[in-house]
Amino acid sequence: MSTGLVWHELYMWHDTGTAAWVMPPGLTVEPFKHVENADGKRRIRNLVEVSGLLDHLVQIVPKAATEDAILRLHTRDYVERIKQMSSERGGDAGELTPFGPGSYEIALLAAGGCMTAVEAVLEGRVDNAYALVRPPGHHAERDMGRGFCIFANTALAAAHARQALGLERVAIVDWDVHHGNGTEHAFYEDPSVLTISIHQDNNFPPQSGALTDRGKGAGEGYNINIPLPAGSGVGAYVAAFERVVAPALRAFRPELILVASGLDASAMDPLASMMMTSDGYRKLTRIMLAVADEICGGRLVACHEGGYSPAYVPYCGLAIIEEMAGVRTGLEDPLLGLLGGMGGQDLQPHQEAVIREAAKLVDTLAAPA
Ligand code: 3YP
Ligand code: ZN
């Protein structure tokens, strides 16, 4: 097994500034760092190094995305706006997406890092890859940033695989706890990219990610939302992957699987109310690897998205990348006993009801002609 890791120090220099959590700081509470800051992601990279896992990975140096590559999914006007603000004092890319000087270049490197990872896998330089990029991407729309996302990294990686690298079918599985609205919109009428988002029901964006949003026109049936109830744990996630995600992928038969890998469904996350653990992510990764092996030669690329517990995301990231690399470092998650033993980790009937509805969406799914 050979696994690539995309990483660049500049990802850590994307400056979201001070905030009262995610809001601009006022005198409502003492100003604090914005919750989307470098800490969690740097600490994943650090744990990957200290655990010894880094020695088993292939370093992939990200290439910046070209403007043309970004224009596959964003408007020229939006790209120019970000570029202009970034060259001065920074600003807000749209909604809740503050950034400082230079973030245009960093966002190009984030989207480009996901594309570079895809190239490395398709060229056979590695079997699979994890792109530990920042800023995240799955909320970004064609013409505006949203929810900390500037450019649609994972969707742009899929577009790159389709338009530059000649793939016919690509699937995106978004396990970030928030709905991948930008990804959904990018391919809503496109049957060549299957988009699946598993998220906390009606968390962020508000009123986005309904089970009934299935795609449109030629793309009808090729968008699947699994809005799990708040409080869902490892049992619900594993069931959703076994009963919906894996069967959908088998029916669609993509040539490449991308994971929008947010780690904010963990029991420790401040921006959602789910109960995933590092071992839960390990299980989901194993399911994805098995499906990828079965249908697309193991070609799996994870693009990092959210995750806001600086203490816990490193264990989740380590577990995922260990599984992808087929290496156990022996470094244990010291919180696993506590979090995994909490009530509510098993699949509950009200969660199963949602999964059962979502499973029906797979019945009509097939690879497009
Ligand atoms: C954006 C504002 C409130 C919730 C937040 C979600 C960001 C995220 O991690 N998206 O995947
Ligand atoms: Zn998220």
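The values are calculated or read from the model by the stated rules, or taken from the named source; none is laboratory data. Small disclaimer: the values here were computed from a predicted structure and weren't measured. A quick note on method: Cβ atoms are made from the backbone with ideal geometry, for glycine too, and the neighbour counts reach across all protein chains shown. Heads up: the accessible areas ignore ligands, DNA and RNA and are worked out on the full protein's heavy atoms, side chains in. Shrake-Rupley method; radii C 1.70, N 1.55, O 1.52, S 1.80 Å.
Worth pointing out:
- Protein-only accessible surface at a 1.4 angstrom probe places the residues Asp293, Asp92 in the order Asp293, Asp92, largest first.
- Only the Cβ atoms of Lys and Arg (+1) and of Asp and Glu (-1) were treated as charged; on that basis the dipole of the range 128-271 about its Cα centre amounts to roughly 220 debye.
- Radius 11 Å from Cβ of Val238, net charge of other residues (Lys, Arg +1; Asp, Glu -1): +1
- Cα→Cβ-extended label distance, 7 Å offset, between Met23 and Asp363, nm: 4.6 nm
- When peptides 335-348, 100-113 are ranked by their average number of other Cβ atoms within 10 Å per residue, the highest-first order is 100-113, 335-348.
- Derived scalar couplings between HN and Hα for the range 250-259 equal 5, 6, 7, 6, x, 8, 7, 10, 10, 10 Hz in order, rounded to whole Hz, by the Karplus curve 6.51 cos²θ - 1.76 cosθ + 1.60 (θ = phi - 60°), x for Gly and Pro.
- Each residue of the range 159-165 was assigned a 3J(HN,Hα) from its phi angle through the Karplus curve 6.51 cos²θ - 1.76 cosθ + 1.60 (θ = phi - 60°); the sequence is 4, 5, 4, 6, 8, 9, 10 Hz, with glycine and proline shown as x.
- Taking Cα centre as origin and charging only the Cβ of basic (Lys, Arg, +1) and acidic (Asp, Glu, -1) residues, the dipole magnitude of the chain rounds to 280 debye.
- Only Lys, Arg (+1) and Asp, Glu (-1) charged, at Cβ; the range 263-358 dipole about Cα centre in debye: 140 debye
- Accessible surface of the range 1-85 [probe 1.4 Å, protein heavy atoms]: carbon and sulfur percent: 57 percent
- Farthest positive-ward along the chain dipole, Cα basis, beta-carbon charges - from Val244, Gln207, Ile150: Val244
- Accessible surface, per residue, of the range 248-314 when the full set of protein chains is kept, probe 1.4 Å, Å²: 23 Å²
- Expressed to the nearest 5 percent, the antiparallel share of DSSP beta bridges inside the range 1-120 is 55 percent.
- Averaged over residues, the count of other Cβ atoms within 10 Å places the peptides 251-261, 35-45 in the sequence 251-261, 35-45, highest first.
- Sulfur and carbon atoms: percent of accessible area, the range 161-315 [1.4 Å]: 46 percent
- Compared with the direct C-alpha span, the chain from Arg328 to Leu10 gains 111.6 nm at full extension, assuming 0.36 nm per residue.
- Of the residues Pro136, Ile198, Val6, the one whose Cα sits farthest toward the positive end of the charge dipole of the chain, with +1 on the Cβ of Lys and Arg and -1 on the Cβ of Asp and Glu, is Val6.
- The simple spin-label model puts a point 7 Å past each Cα toward its Cβ; for Ala230 and Glu80 those points are separated by 4.3 nm.
- Near Ala230, the amide H atoms lying under 5 Å from its own belong to Asp201; only residues 5 or more places off or on other chains count, and H is placed 1.01 Å from N.
- Accessible area per residue for the range 150-226, computed on protein heavy atoms with a 1.4 Å probe, is 30 Å².
- According to the Cα-based calculation, Rg over Rh for the chain is 0.94, with Rh computed by the Kirkwood formula.
- For the range 233-369, dividing the convex hull volume of the Cα atoms by the residue count gives 106 Å³ per residue.
- Of Lys41/Lys283; Lys63/Lys216; Lys216/Lys360, pairs whose Cα-Cα distance is over 25 Å: Lys63/Lys216
- For Ser2, the residues whose amide H sits under 5 Å from its own are Asp127, Asn128, ignoring neighbours fewer than 5 places away on the same chain, with H placed 1.01 Å from N.
- The range 148-201 versus the range 217-273: alpha-carbon centroid distance in Å: 12 Å
- Computed from phi, the 3J(HN,Hα) profile of the range 344-353 under the Karplus parametrisation 6.51, -1.76, 1.60 (θ = phi - 60°) reads x, 6, 6, 4, 9, x, 6, 7, 4, 4 Hz, with x in place of Gly and Pro.
- For the range 18-68, accessible area per residue (1.4 Å probe, heavy atoms of protein chains only), Å²: 62 Å²
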